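Trainee: Provided herewith is a single structure, encoded as structure tokens, for subsequent inquiry.
The values are calculated or read from the model by the stated rules, or taken from the named source; none is laboratory data. Treat the numbers as computed from the prediction; the structure is a model and nothing was measured. Here the Cβ positions follow ideal geometry from the backbone for every residue, glycine too, while neighbour counts run over all protein chains shown.
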Amino acid sequence: MSTDKRRVQFRAPERLIERTDALAAVLGEDRTDLLVTALREYLQDAAHDDVLTQEIAAAYYDDEISSDQLESLLGAEEAANVRVLDRQLDEAFVEDVADT
């Protein structure tokens, strides 16, 4: 995992931040650490959600995300599978067009 850090600012409902601060106090953690952990876990869970994985693949097929972003979201193995399928779909399309 990269140790490079980037500052991100966002707006969140006050109640959500209050709850985050309360949990951080209970756990003896910093709010930022708690939010980073929650975001990391959410992204990890999302990579294993079939519906979301299909949406990510579709975004890749439509050139909305790069190969690096695909791999970042799905992991190396699943991203490789999506790239192979993309090539197979392209080849099938070319063959269909050539046959007409």
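Trainee: Hey, among the residues in the range 50-67 that are of a type in the set (Ser, Thr, Tyr) and either part of a helix (DSSP H, G or I) or modelled with pLDDT under 95 (or both), which one's nearest to Ala79 (Cα to Cα)?
Mentor: Here the residue is Ser67.
Trainee: Assess whether Gln44 counts as being out of contact with any strand residue (DSSP E or B) (no Cβ under 9 Å at 6 or more places or on another chain), at pLDDT below 95 and assigned to a helix (DSSP H, G or I).
Mentor: yes
Trainee: Quick one: which residue in Thr37, Thr32 is in a helix (DSSP H, G or I), over 25 Å from Leu74 (Cβ atoms) and within 20 Å of the chain's Cα centre (by Cα)?
Mentor: Testing whether each residue is in a helix (DSSP H, G or I), over 25 Å from Leu74 (Cβ atoms) and within 20 Å of the chain's Cα centre (by Cα) leaves just Thr32.
Trainee: Determine, yes or no, whether Ala24 is touching a helix residue (DSSP H, G or I) at 6+ places or on another chain (Cβ under 9 Å), more than 25 Å from Lys5 (Cα to Cα) and without any contact (Cβ under 8 Å) to a residue 12 or more places away in the chain.
Mentor: In short, no.
Trainee: Condition first: β-branched (Val, Ile, Thr), exposed (fewer than 14 other Cβ atoms within 10 Å of the Cβ) and closer than 22 Å to Val84 by Cα. Now tell me which residues in the range 33-73 satisfy that.
Mentor: Within the range 33-73, just Val51 meets the criteria.
Trainee: On to the next question. What are the pairs with Cβ atoms under 7 angstrom where one residue, in the range 79-91, is closer than 18 Å to His48 by Cα and the other, located anywhere, is in a helix (DSSP H, G or I)? Sequence gap at least six, or different chains.
Mentor: Ala79/Leu70; Ala79/Glu71; Val82/Ala57; Val82/Tyr60; Val82/Leu70; Val82/Leu74; Arg83/Ser67
Trainee: Considering only residues that are in a helix (DSSP H, G or I) and either of a type outside the set (Asp, Glu) or assigned by TED's automatic domain parsing to the domain that holds Glu71 (or both), which ones fall in the range 15-29?
Mentor: Correct list: Arg15, Leu16, Ile17, Arg19, Thr20, Ala22, Leu23, Ala24, Ala25, Val26, Leu27.
Trainee: Checking Val26 against (1) surrounded by 10 or more Cβ atoms within 10 Å (Cβ to Cβ); (2) farther than 22 Å from Val84 by Cβ, which single condition isn't satisfied?
Mentor: (1)
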